[in-house]
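As structure tokens, the structure follows; a few thoughts come after it.
Read-outs throughout are calculated quantities, based only on the coordinates presented, and are distinct from any laboratory measurement. As the structure is a computational prediction, the values presented were derived from the model and not from experiment. Every residue, glycine among them, receives a Cβ derived from its backbone with ideal geometry; neighbour counts consider all protein chains shown.
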Amino acid sequence: MTQKEVIAKIIKTLDAKKAEDIQAIGIKDLTIIADYFIIANGTSTTHTKTLADEVEHQLTEVGVKPTRVEGYNGASWIVLDYADIIVHIFYKETRDFYKLERLWSDGEYVNVNEFLGEE
């Protein structure tokens, strides 16, 4: 799969499972850790686990496996590392506290609606 196809799959999966405030930020010009961050939040720790499980399941089905998964036990901030794409799934209050989008505000914001077929 191409990078754009993987991003689309992640965003569509998060949307299908009712993730809130899905954001995609291009960070390749700012750091070497990844090309993109995809950030979303769930409404409870159970919801964040469900979101992470489903993203991992859907990508594994097409042969894309994370190199690392962190934070699953606490479920307030789960990170799925796909090398060039890092998925951050937060519990809402945790996301509000860390404000990851603000930290990476110099990145290139990607319109997630393009991946959802909306304008």
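Once fully extended, how much extra length lies between residue 15 and residue 65, figured as 0.36 nm per residue of separation less the alpha-carbon to alpha-carbon distance?
Length gained between residue 15 and residue 65: 16.0 nm.
For the chain, what is the mean residue ellipticity at 222 nm derived from helices alone (per DSSP H run of n ≥ 4: -39500 (n - 2.57); sum divided by total residues; nearest 500 deg cm²/dmol)?
It lands at -11000 deg cm²/dmol.
For a protection proxy built on the mean count of beta-carbon atoms within 10 angstrom, sort 20-26, 39-45 highest first, please.
Taking the mean over residues of other Cβ atoms within 10 Å, the ranking is 39-45, 20-26.
In nm, what is the difference between 0.36 nm times the number of residues separating residue 103 and residue 29 and their Cα-Cα distance?
Length gained between residue 103 and residue 29: 25.2 nm.
Which loop chymotrypsin sites (Phe, Trp or Tyr not before Pro) in the range 65-119, with loop taken from DSSP, have no more than 13 other Cβ atoms within 10 angstrom of their Cβ?
none
State which entries of 9/92; 18/92; 17/49; 9/65; 18/49 exceed 20 angstrom in Cα-Cα distance in the structure shown.
From 9/92; 18/92; 17/49; 9/65; 18/49, over 20 Å: 9/92.
Whole number please: convex hull volume per residue, Cα atoms of the range 3-112, in Å³.
Considering the Cα atoms of the range 3-112, their hull volume per residue is 90 Å³.
Taking the number of other C-beta atoms within 10 Å as the exposure measure, put 27, 89 in order starting with the fewest.
27, 89
With both bridge residues required to lie in the chain, what share of the DSSP beta bridges run antiparallel, to the nearest 5%?
Bridges in the chain that DSSP calls antiparallel: roughly 70 percent.
Taking residue 99 as the anchor, which aspartates and glutamates have their alpha carbon closer than 18 Å to its alpha carbon, excluding any fewer than eight residues away along the same chain?
List returned: 20, 21, 108.
List, in order, the whole-Hz ³J(HN,Hα) value for each residue of the range 50-58 obtained from phi through the Karplus relation with A = 6.51, B = -1.76, C = 1.60 and θ = phi - 60°; use x for Gly and Pro.
4, 4, 5, 4, 5, 4, 4, 4, 4
Could you list the trypsin sites (Lys or Arg not before Pro) in the range 43-119 that lie in coil according to DSSP, counting only those with at most 13 other Cβ atoms within 10 Å of their Cβ?
For trypsin sites (Lys or Arg not before Pro) across the range 43-119 that sit outside H, G, I, E and B with at most 13 neighbouring Cβ atoms in 10 Å, the list reads 99.
Could you grab the relative contact order for the range 3-112? Cα pairs under 8 Å, six or more apart, rounded to a whole percent.
Contact order relative to length: 31 percent.
Got a sec? Which residues in the range 56-94 would a label at residue 43 touch, if it sits 7 Å along Cα→Cβ and we count backbone N under 15 Å?
What the label zone holds, given the 15 Å backbone N cut-off, is 91-93.
Treating only the Cβ of Lys, Arg, Asp and Glu as charged (+1, +1, -1, -1), what charge dipole size does the range 3-112 show about its Cα centre? Round to the nearest 20 debye.
Dipole magnitude for the range 3-112 comes out near 180 debye.
Taking amide H positions as placed in the peptide plane 1.01 Å from N, state which residues far from residue 77 in sequence (5 or more) or on other chains have amide H under 5 Å from it.
HN-HN under 5 Å from residue 77: 91.
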